[in-house]
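Working notes, structure below.
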Amino acid sequence: MTEARARLRAMLAGDGMILAPFVYDCIQARLAQAAGFEAVYMTGFGTSAARGYPDLGLLTMTEMVDNVRAISSAVDVPVISDADTGYGNPVNVWRTVREYEAAGAAALHIEDQVFPKRCGFLAGKEVIAADEMVAKVRAAREARRDPRLVIIARTDALAIKGWDDVIRRCHAYRDAGADLLFVDGIKSVGDLQTYATRLQGMPLVYNGAMLPAAELARLGFKVTIHIGTMMASFERMRDAMAELKNDGRVKGAGLGVFDDFVELMGTREIDALGKKYRG
């Protein structure tokens, strides 16, 4: 876990951009690692959905930490984690950071929405005062035992208050000790370019898929978290369910895929351990 944090810090110190796909379970995380991704993003949107809820602040800190622990244990790459609003006031944020760190997170982000929060791309969001969020960022920074744990401050103020307020908030959160800044709810290429330009030189996170990764890197983003793979898996699962219901089979779902699945889950390694301890 500490090695993953060190690798993430080293990548952030480099010139490139980290591209981290959304994951909400260990299968997805291992697929991402096998594909060569250098980090994964544990999504609160997906974690909520996997438990049957919309992303409306319904999951508890304990449920989110359990998922951080499972995913961090399943892969060697750094896990960047959604920590919602920190689940309360600055003291709650302090405990949240301790719990996420102990569970293996390499990075986490907290946001300046009121509780209960809403998915960053939904209407109806509200934000707390900037000074309240500054206190949360300070608490997060001071709570970590491992200084390599990356603290990301997210603002959802764009849709509510506009760019001038967003820029003030970002500078305040950075001054309070945030390692990375994250403006969520970017819905147009114009806003994406404004984001990169008005906060140029600051370490920025982008959540979206409006431009190819190479173009996002040229805009100067340090981290892009990408929902595309999660949406693709939803679409393909939905279509496969419909195909099985309508046609009585799912074309192309052969034994080769089953063997790949078993291999990904480490069956060979566990069998080898069994043989070793049987003597």
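The values are calculated or read from the model by the stated rules, or taken from the named source; none is laboratory data. No experiment lies behind these values; they were computed from the predicted model shown. Counting neighbours? That spans all protein chains shown, and the Cβs are built from the backbone with ideal geometry, glycine included. Side chains included, ligands, DNA and RNA excluded: accessible areas come from the protein's heavy atoms. Shrake-Rupley method; radii C 1.70, N 1.55, O 1.52, S 1.80 Å.
Within the range 21-44, how many residues are touching a helix residue (DSSP H, G or I) at 6+ places or on another chain (Cβ under 8 Å) and either of a type in the set (D, E) or outside any loop (DSSP other than H, G, I, E, B) (or both)? Even if it seems obvious, please write down each step before you answer.
Going through the range 21-44, the residues touching a helix residue (DSSP H, G or I) at 6+ places or on another chain (Cβ under 8 Å) turn out to be 21-32, 34, 38-40, 42-44.
Now restrict to residues that are either of a type in the set (D, E) or outside any loop (DSSP other than H, G, I, E, B) (or both): 21-23, 25-32, 34, 38, 40, 42, 44.
Of the residues in the range 21-44, 16 are touching a helix residue (DSSP H, G or I) at 6+ places or on another chain (Cβ under 8 Å) and either of a type in the set (D, E) or outside any loop (DSSP other than H, G, I, E, B) (or both).
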task = List every residue pair whose Cβ atoms sit under 8 Å apart, with the two residues 6 or more apart in sequence or on different chains, where the first one lies in the range 229-243 and is within 18 Å of T43 (Cβ to Cβ) and hydrophobic (A, V, I, L, M, F, W, C) and the second, anywhere, is open to solvent by less than 70 Å² (accessible area, probe 1.4 Å) and part of a helix (DSSP H, G or I).
result = M230/Q28; M230/G46
note = When (1) over 22 Å from I227 (Cα atoms); (2) surrounded by fewer than 20 Cβ atoms within 10 Å (Cβ to Cβ); (3) at pLDDT 95 or above are applied to P116, the one that fails is (3)
query = Looking only at strands (runs of 3 or more DSSP E) that fall completely inside the range 167-279, which ones have 1 or more residues that are basic (K, R), within 26 Å of I27 (Cβ to Cβ) and at pLDDT below 95?
reply = none
ask   = In the range 52-77, which residue that is in contact with a Cys (Cβ under 7 Å, 6 or more places away or on another chain) and in a helix (DSSP H, G or I) is farthest from Q113 (Cα to Cα)?
value = A74
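Return the only residue of V262, V257, V223, V205 being open to solvent by less than 80 Å² (accessible area, probe 1.4 Å), among the aliphatic types (A, V, I, L, M) and free of Cβ contacts under 8 Å to residues at least 24 places away in the same chain. Step through it out loud before you land on a result.
Values: V257 fails: open to solvent by less than 80 Å² (accessible area, probe 1.4 Å); V223 fails: free of Cβ contacts under 8 Å to residues at least 24 places away in the same chain; V205 fails: free of Cβ contacts under 8 Å to residues at least 24 places away in the same chain.
The match here is V262.
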ask   = Any residue at all in the range 15-26 that is open to solvent by 20 Å² or more (accessible area, probe 1.4 Å), over 15 Å from A105 (Cα atoms) and of a type in the set (V, I, T)?
value = no
remark   = Residue hits (the range 164-190; without any contact (Cβ under 8 Å) to a residue 60 or more places away in the chain and surrounded by fewer than 15 Cβ atoms within 10 Å (Cβ to Cβ)) are D164, R168, H171, D175, S188, V189, G190
note = Here the residues within the range 62-101 that are open to solvent by 20 Å² or more (accessible area, probe 1.4 Å) and farther than 22 Å from Q33 by Cβ are T62, E63, Y87, G88, N89, P90, V91, N92, W94, R95, R98, E99
inquiry  = Here are the criteria: (1) touching a Leu at 6+ places or on another chain (Cβ under 9 Å); (2) open to solvent by 20 Å² or more (accessible area, probe 1.4 Å); (3) of a type in the set (K, R). Tell me which single one R7 does not satisfy.
reply    = (1)
key: A49 vs. criteria over 19 Å from E99 (Cα atoms), assigned to a helix (DSSP H, G or I) and touching a Pro at 6+ places or on another chain (Cβ under 7 Å)   = no
inquiry  = Show the residue pairs meeting these rules: Cβ distance below 9 Å; 6+ apart or different chains; first residue within the range 88-99 and closer than 19 Å to I128 by Cα; second residue of a type in the set (D, E) and open to solvent by less than 70 Å² (accessible area, probe 1.4 Å).
reply    = T96/D84
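Out of S81, S48, S72, I need the residue that is within 14 Å of the chain's Cα centre (by Cα) and more than 21 Å from A209 (Cβ to Cβ). Which one?
Details: S81 fails: more than 21 Å from A209 (Cβ to Cβ); S48 fails: more than 21 Å from A209 (Cβ to Cβ).
The match here is S72.
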